[in-house]
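Peer 1: Here it is: the structure, laid out below.
Quick note: the coordinates plus some simple rules give every number you see, no bench work behind them. Nothing here was measured: the structure is a model prediction, and the numbers come from that model. Note: ideal-geometry Cβ built from the backbone for every residue, glycine included; neighbour counts use all protein chains shown.
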Amino acid sequence: MTAVIFEVLYAVVGTVAFSLLFSVPRRYYVSCGLIGGAGWLVYSLLEVKLPPEGAALFATMVVIALSRIAAVKGKCPATIFMIPGIFPLIPGAGVYWTSYYIVTEQLTLALQTGYEAVKTAVAIVLGIFFVFEVPQRVFKLFGKD
Amino acid sequence: MAAENELELKNKSSVEKPGENEVMETALLAGHILLENGAEISRVEETFDRICAHYGVRSGNAFVLSNGIFTTVGDDRERYYAKVQHIPVSAARFHRVAAVNQLSREMETGKYTVGELREALERVKTMPGKRNITQIAASGIGSAAFCLLFGGDIHDAAAAFAVGLVLYIYILYVSAPHLTKIVGNIGGGALVTLLCGVFYLNGFGSRMDYMIIGSVMPMIPGVAFTNGIMDIASCDYIAGSVRLLDAMLVFFGIAIGMGMAFTLLNAFGGGALL
């Protein structure tokens, strides 16, 4: 459990650093960081039971939903939160190992890791699609307070 | 009563209604800023339509691609006007997207005349972003954080921090101004892998994979990927596929760069890596 807490902390720091790279206005840093951290928390809790792509699907859905709520509250576009928030879920390791295996001529392994990475990417895409469909007024309810 | 209203409307419009050209120029400027700085196509179109509608231009139309906007206005009542604007894709600067969004909200409350809105947009267009030194530091910290997140230890993270700094210096001063995107990304992937390899071969850090995965993160095309998906989700297929292609090319560029650097490290590092 301590490991998870530390990981979430790293995800928060990483997300805030990246929101800075994309020139997100300073007043949204905290929300960006919390959304990135929440995404990773969901991912690491589900990863125990689900395959990585399943965990990534639900984590992405949480990230997008929170981003849309934050957008209503902060009166700004949701992409500002979504793009940094999704970063921890990107299958960077997949890209790395795929190119490693290709260079070392282990094509079966390359195909396998490449396929895993693509599955996770598709899960992220589906997560974005699903929450994108939810009408804006649902998030407006959350935004009111 | 109805006639009176109509007369009043007519008077009002002859006093307050700005020329179609000015409205179109303003709407186009807003679209330009949004598209250039990493907004989705639907947001560009929506903002364009809102500005047109708010200032009473009814026949305004915009067709938005990932790197250009085509606009026309004109019917039997409004003068004809058309403009095509090519907008090269550059780095995402969300503070400008947020600022245009804010202006568009304020406009709806009737805060600006069209001239004032245009001036405000001109200011947004040149709004400075983060200083280079801040961006370089953010890249280093982000790299270190992602290295830790993916399982690296504190030494790996320190190496990733250093490599993340160097990578962003390369991106800001070499790749972005002087290289094409594809070559720039191959170079970036190779640079990261070579530097991490040098750290690793000299006994600094325990896992080269975590170091590389962490420090390559600032190059990952998150904006192109996410915006491409969003565009496809709202049926802007042309812009969406171009953006996804852009993201894929960046991914492949990084992977090719990594592969080349692996081969070099293997040849000159005594085969300790592969």
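Peer 1: Can you list which of the trypsin sites (Lys or Arg not before Pro) found in segment B:99-207 are DSSP loop residues with at most 15 other C-beta atoms within 10 Å?
Peer 2: The qualifying sites are B:111, B:131.
Peer 1: Which residue fluctuates the most in chain A, going by a Gaussian network model with Cα springs under 10 Å, if the choices are A:66, A:34, A:45?
Peer 2: The residue with the greatest mean-square fluctuation here is A:45.
Peer 1: Would you mind computing, in nm to one decimal, how far apart the modelled labels at residue B:65 and residue B:176 are, each placed 7 Å from Cα along Cα→Cβ?
Peer 2: In this crude label model, residue B:65 to residue B:176 measures out at 2.6 nm.
Peer 1: Taking Cα pairs under 8 Å and at least six residues apart, what relative contact order does chain A come out at, in percent?
Peer 2: It rounds to 26 percent for chain A.
Peer 1: In which sequence would B:236, B:75, B:246 go, from the one with the fewest C-beta neighbours within 10 Å to the one with the most?
Peer 2: B:75, B:246, B:236
Peer 1: Arrange the following residues from fewest to most other Cβ atoms within 10 Å of their Cβ: B:268, A:58, B:251.
Peer 2: In increasing order of surrounding Cβ atoms, one gets B:268, A:58, B:251.
Peer 1: Then there is this: Would you compute, from DSSP H runs of 4+ residues alone, the mean residue ellipticity of chain B at 222 nm, taking -39500 (n - 2.57) per run and dividing by the full residue count, rounded to the nearest 500?
Peer 2: About -22000 deg cm²/dmol.
Peer 1: Moving to a separate point now. Over 27 Å between C-alpha atoms is what I'm after, so list which of B:83/B:125; A:75/B:130; A:140/B:130; A:140/B:111 land there.
Peer 2: In this structure, A:140/B:130 lie more than 27 Å apart at Cα.
Peer 1: Report, to the nearest 10°, how far helix B:41-54 tilts away from the longest principal axis of the Cα atoms in chain B, using its own Cα long axis and a range of 0 to 90°.
Peer 2: 20
Peer 1: Suppose R0 equals 60 Å; then what is the FRET efficiency for residue B:202 and residue A:29 from their Cβ-Cβ distance, rounded to the nearest 0.05?
Peer 2: Once rounded, the FRET efficiency stands at 0.95.
Peer 1: In segment A:25-128, which trypsin sites (Lys or Arg not before Pro) are in a loop and have at most 14 other Cβ atoms within 10 Å, using DSSP for the loop call?
Peer 2: Sparse-neighbourhood loop trypsin sites (Lys or Arg not before Pro): A:49, A:75.
Peer 1: Roughly how crowded by other chains is peptide B:149-162, in terms of the mean Cβ count from those chains within 10 Å of each of its Cβ atoms?
Peer 2: Partner-chain Cβ atoms within 10 Å, mean over residues of B:149-162: 2.
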